[in-house]
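Report on one structure; see the data block that follows.
Computed from the coordinates by the stated procedures, all read-outs in this text should not be read as laboratory data. Quick caveat: nothing in here was measured; it's all calculated off a predicted structure. Don't worry about glycine lacking a Cβ; one is built from the backbone with ideal geometry, like all the others, and counts go over all protein chains shown.
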């Protein structure tokens, strides 16, 4: 089970078998000392598929199978949206679209997405895009390192790591590179995975000892 601290937004994984079958469990966040509440899973009768999907979407909650590759996309243009969705599907990602900061807040409340694509439609970033980037920048370090953020804009240069760093993303590319997304993303994702491999291994070991 994924547990999120309401005090610092840090994510923890707690093995289901370590939780009691009934009743609410409390524990203290080792990072900010906030009291975290874990409620037992609901045993209510499941809704029909169509109704459940509509309800979950409205709340920002969606269940993904373990091991699923997930992507969040901000892109105002409908034609570019279709292109991005096609490219991400070919790469094996389940993609979901957001339109404003509140959307991405709700999405990240329930799931950490592996990939975030931000598309700037014009010479200057839209207000909603600016707000979304403001939300992403101050994320907790261990959470942010799990997310690969790509900023697509006219001045994007995938070979300029300092440009990406100054914006607060992992990679910048120009719109002309969308047709080669697989060739661009694969080595960049692998490089980030290797860079933080030891960090996540140590983090997982510490969490196992705590919980």
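Overview of results
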quantity	calculated
Whole-percent pair-distance distribution, where bins are 10 Å wide, for the alpha carbons of the stretch 68-197	12, 49, 36, 3
Förster-model FRET efficiency, 25 Å R0, residue 13 and residue 62, C-beta, rounded to 0.05	0.85
Kirkwood-Stokes translational diffusion coefficient of the stretch 77-119, alpha-carbon pairs, 10 °C, 1.306 mPa s, µm²/s	141
Inter-label distance, nm, simple model (7 Å from Cα along the C-beta direction), residue 25/residue 196	2.6
Exposure proxy ranking, count of Cβ atoms within 10 Å, fewest first, for 206, 150	206, 150
Peptides 155-168, 105-118 ordered by average Cβ neighbours within 10 Å, highest first	105-118, 155-168
The stretch 130-170 - convex hull of the alpha-carbon atoms, volume per residue in Å³	74
Mean Cα-pair separation over length for the stretch 68-197, i.e. relative contact order, pairs under 8 Å, 6 or more apart, %	22
